[in-house]
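Some notes on the structure that comes next.
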Amino acid sequence: MGEIKRIGILTSGGDCAGLNAVIRSVVHHAIGTYGWEVVGIQEATQGLMENPPKAIALHRDNIDHLLMMGGTFLGTTNKGNPFAFPMGDGTVKDRTEDIIAGYRQLGLDALIGIGGDGSLAILRRIAQQGGINLVGIPKTIDNDVGATEISIGFDTATNIATEALDRLHFTAASHNRVMVLEVMGRDAGHIALAAGIGGGADIILIPEIPYRIESVCNKIRQRQAQGKNFCLVMVSEAVRTELGDQVKQIQQFGEDRYGGIGKYIAEQIAQRTGAETRVTVLGHIQRGGIPSPFDRLLGSVFGVAAVDLIAAGKFDHMVAWRNRQTISVPIEEAIQTYQTVKLDGALVKTARGLGICLGND
Ligand SMILES: Nc1ncnc2c1ncn2[C@@H]1O[C@H](COP(=O)(O)OP(=O)(O)O)[C@@H](O)[C@H]1O
Ligand SMILES: O=P(O)(O)OC[C@H]1O[C@](O)(COP(=O)(O)O)[C@@H](O)[C@@H]1O
Ligand SMILES: [Mg+2]
């Protein structure tokens, strides 16, 4: 391995709280401990495609405010597949060589990629083709990256979803309404389950557990019989209709986005129970805002660990959190084991123990 002098860092996929804390941590450790230079690549692979590549030098004197800043000040992308990149004239082009050329032009010896399953798979493929020394850091509010117990952004998103449920609680009780809260998470129900338990939901629907709408309605009737005329229903965005149809919104660039299942569930409840229902779609509120103390901590921990992996020459690995410590795992292992909610796991048992309806009772 050649001597490391200059490393790049980029954020990829959906933004989340805690990304800036990672960047700050990398800059401090790489410069302060190892004396390397650090280059911040803007807008992930899209910044590397440009000529000259979009990047800025990062120094220790202008990063202190980053710890408590949401989003990613480097920018990110979660659209425009680089292997079939839309060129604007209706054609698509494999931009891998352009991205590798951008990396070379910046004179980098290694690259830290902060991303989720999709980003890490993309970055790994490019790194293998270009001989790039890649180290990964897991981030995503969805917490669906395998091989790590937790990723950057999940804690903040869960806090926000919990707070939303707290707020809905009072207005639900005041008006005797069934309040449905739809949260993000893609195909994993981690946010819904964790925030649903933390916020005292009566019903939690996640994509991993097929539900019957009558089971949901029975829970509402049961509460009514106990004199509780309001109900809090947490629904994860990728939950399907009872017939198994996926509710999606097609957006720009032909990309599918989940959204709308909360409305379907609320309508079904209203029709079958006569209850007055309202729907809140939490949306990108979950991704924004100030990082929680835990995400700042995890970001700091992962940043230092990733720099140490580069120093040790342990490339094609991702830092991970397991059993109260940081470890490194092959990126391949992380992207091959998409992490959904375990049906026999502690949180499902907890929800059932609390009498929360998961839709299949
Ligand atoms: N460099 C990239 N260019 C275009 N799309 C990307 C890029 N990185 C990730 N994506 C897309 O963004 C979406 C989310 O990526 P992912 O990495 O899973 O996000 P996260 O990293 O937040 O989990 C996926 O559909 C993925 O294909
Ligand atoms: O910001 P967009 O493009 O609307 O994407 C929304 C999606 O991104 C997320 O917020 C985060 O997903 P990733 O971490 O995989 O990017 C999902 O929960 C949600 O389905
Ligand atoms: Mg993802």
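A few points about this structure:
- Maximal additional length on extending the ALA173-THR33 stretch stands at 44.9 nm, based on 0.36 nm per residue less the C-alpha distance.
- Relative compactness, segment 1-108, computed as alpha-carbon Rg over 2.2 N^0.38 Å: 1.14
- Here the Debye sum runs over all C-alpha atoms of segment 298-339 as equal scatterers in vacuum, and log10 of I(q)/I(0) at q = 0.14, 0.15 Å⁻¹ comes out as -0.30, -0.35.
- When only the Cβ of Lys, Arg, Asp and Glu is charged (+1, +1, -1, -1), the dipole of segment 227-361 relative to its Cα centre reaches about 460 debye.
- Antiparallel %, DSSP beta bridges [both residues in segment 1-118], to 5: 40 percent
- Pair-distance distribution P(r) for segment 45-165, from all Cα-Cα distances in 10 Å bins starting at 0: 11, 36, 35, 15, 3 percent.
- For segment 168-236, the fraction of alpha-carbon pairs in successive 5 Å shells from zero, as %: 4, 18, 26, 25, 18, 8, 2, 0
- Counting only protein heavy atoms and a 1.4 Å probe, segment 4-75 has 37 square angstrom of accessible area per residue.
- Each of LYS93 and HIS65 was given a label point 7 Å from its Cα along the Cα-to-Cβ line. The distance between the two points is 3.7 nm.
- FRET efficiency, 1/(1 + (r/R0)^6) with R0 56 Å, evaluated for ALA270 and ALA57 via beta carbons: 0.50
- In a reduced charge model with +1 at each Lys and Arg Cβ and -1 at each Asp and Glu Cβ, the chain shows a dipole moment near 740 debye about its Cα centre.
- Accessible carbon and sulfur surface of segment 56-213 relative to its total accessible area, %, 1.4 Å: 52 percent
- Theoretical gain in end-to-end length, THR337 to GLU214 [0.36 nm per residue, Cα-Cα removed]: 41.0 nm
- Centre-to-centre, using Cα atoms only, segment 293-361 and segment 14-54 are separated by 22 Å.
- If you wrap the tightest convex hull around every Cα atom of the chain and split its volume per residue, you get 134 Å³.
- Calculated FRET value between ILE327 and ILE290, using beta carbons and R₀ = 30 Å, to 0.05: 0.60
- Charge dipole (debye, nearest 20) of segment 99-165; +1 at Cβ of Lys and Arg, -1 at Cβ of Asp and Glu: 440 debye
- Helical content alone sets the calculated 222 nm signal of the chain at -11500 deg cm²/dmol, taking -39,500 (n - 2.57) per DSSP H segment of four or more residues and averaging over every residue.
- Helix 117-130 vs. the chain, principal-axis angle (Cα, 0 to 90°, nearest 10): 20 degrees
- Percent of beta bridges antiparallel (DSSP, the chain, rounded to nearest 5): 30 percent
- Model label zone, ARG278; criterion: amide N under 12 Å from point 7 Å along Cα-to-beta-carbon; scope segment 143-179: 167-179
The values are calculated or read from the model by the stated rules, or taken from the named source; none is laboratory data. If you're wondering where the values come from, they're calculated on a predicted model, not measured in any experiment. Here Cβ is always computed from backbone atoms with ideal geometry, including for glycine, and neighbour counts include all displayed protein chains. Side chains included, ligands, DNA and RNA excluded: accessible areas come from the protein's heavy atoms. Shrake-Rupley method; radii C 1.70, N 1.55, O 1.52, S 1.80 Å.
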